[in-house]
Amino acid sequence: MTAVPTVPQTTSAYRSPQPATHRARWVALSVLVLAVLLVAVDATVLFLAIPFISQHLNPSPTQLLWIGDSYSFVLAGLLVSMGSLSDRIGRKRLLLIGTAAFGAASLVAAYAPGAGWLIAARALLGVAGATIMPSTLSLIRNLFPDDRERAKAIGIWGAAATAGAAVGPLLGGLLLEHFWWGSVFLINIPIVALLLVLGWRLLPESRDENAGAWDLTSVGLSLVGIIGVVYAVKEAAVGSALHPQVIAAAVLGAVCLAWFVRRQLRLPVPLLDVRLFANPRFTAAALGALIALIGLAGVVFFLSQYFQLVRGYSPLQAGLADMPAFAGSVIGGLSAAYLARRCGHRVTLAGGLLAMGIGLGALGWAHEETSYLLIAVAFMATGVTEGVVYALSTTLVLDAAPQEKAGAAGAVSETAYELGTALGIALVGSVLTAVYRSGLVLPAGLTGAEATEAANSLGGAVHAASTLPAATGEALLVSAQHSFVHGMNLAALLSGALLIGASALVWVLLRRGRSAAAGTRTDSSRDRGSADAPADDGSSARKLPRAA
């Protein structure tokens, strides 16, 4: 049987010795969990601060979206690249450098004097976060060579990420009850200080001595490509599709991404092995994770504004109102393996996307007076199915790739998560902003700065209404809230439709994957009948579930 060629990967974590004792390994894992919490909390803590930021910094609609998603876009664009860099300069070293940079960027964000400064600070936080996440996974693989022990460690790592995302809105709400909006960034500082001290003392260093050169061209192409395309999508959604700079950004982004793919196919040590996407199971799983996060992140981001600025919740109440989605996600993640064993991967993943689409679509009928209980039920159902989809898609991504390509597969899974979060905020936010601005009716005589502020965002309209005479302010507030809810409804319905379409796509792709797996099992059986066939050639096929 012909040997399958392998491609050297950028995240080989097998060359350095593990800590000597069982206790040392788990103590080191606790440090890595702290690092994951730092990044996960920062990804969601901003949600409840958006209304306050829109009132105090008065960002434009596009700036408001960039404040929310610049962090995730930069993080997603650099994850694979920073994973490659950690192999070369040392995973512990890059983790500590990134942690220190995370603290510095948090200080800049907390005291940002304007929207532009805050966007830049959030982008720097994304750069720093991109150094932390792949370093933690590489160190876990190095710390735990035993498969079962490593699986348990990765499970704890993933639970920490979900817990951090859930705690973020609660911490943000608590701080915003008593302090200004910049306080949500200052909570990073004590975590950073603790992580630097413990990481320096307790984490082992590891690197790949034969990793090869770090391809800066690929790094730049991936980052520029992602940001260029998404910027064009965001601007097009608010009516600027024909502006020269938007067209230029779209063309530049598409060219850079195409060049990136072509370059990876030619490099002996690619930053991302794009050949993995030829596997239908791998592609279905990656798309499932990406689309699930697109739908969930965008709706959660704007429901926080709905709770505060439409329903009148305090920041802490709004944070608690978001909890059913995060609690459901934890439950779904823990039950994903059981459901996959009972129903098969294909039914569970496609069915999860379908149910998640229905849950999000149900929010399309929410209005100003809708009972919170109904919203909480839809939130919980959406969270449970998102947890199932993400946990199962991560498993399928890793299982679909050969063992020698597991590093690249893990990078794709993490990138899908971050990019889905960023795209969800951008795409859903663009739709909501366009509907809000088109439906807003300004009271007679309202012009100038107040009119501009009200048209920028719901937060701006609330602030402008507070400075106007009672009757005029009330008319503006009612119109703004109605337009916002209408935009949120349409965005939820479109997100639900997107996920239902993704369910059908995943169903088809996994059927193709099952057919390919059946062919692989047949070929492997024939080869094992030969006297000189290697004993493990069929191992990957034998690991496939009976019900795909």
* Asked: Which distance in Å, rounded to a whole number, links the C-alpha centroids of segment 89-131 and segment 159-192?
  -> 16 Å
* To do: Pull out the extension gain between Ala248 and Ile156, defined as 0.36 nm times the separation in residues minus the alpha carbon to alpha carbon distance; nm, one decimal.
  => 28.7 nm
* **Highest to lowest packing among 465-476, 98-109, scored as the average C-beta count within 10 Å** => 98-109, 465-476
* Potential lengthening between Val261 and Val441 on full extension [0.36 nm per residue; Cα-Cα distance subtracted] -> 60.1 nm
* **Approximate spin-label separation Ser314-Ala24, in nm, with each point projected 7 Å along Cα-to-Cβ** => 4.9 nm
* **Surface share of carbon and sulfur [accessible, 1.4 angstrom probe, percent] for segment 67-137** => 79 percent
* **Stokes-Einstein D for segment 459-506, Kirkwood Rh over Cα pairs, 25 °C, 0.890 mPa s (µm²/s)** => 194 µm²/s
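The values are calculated or read from the model by the stated rules, or taken from the named source; none is laboratory data. Since we're looking at a predicted model, the values are computed, not measured. A quick note on method: Cβ atoms are made from the backbone with ideal geometry, for glycine too, and the neighbour counts reach across all protein chains shown. Keep in mind that these areas ignore ligands, DNA and RNA; they rest on the heavy atoms of the full protein, side chains included. Shrake-Rupley method; radii C 1.70, N 1.55, O 1.52, S 1.80 Å.
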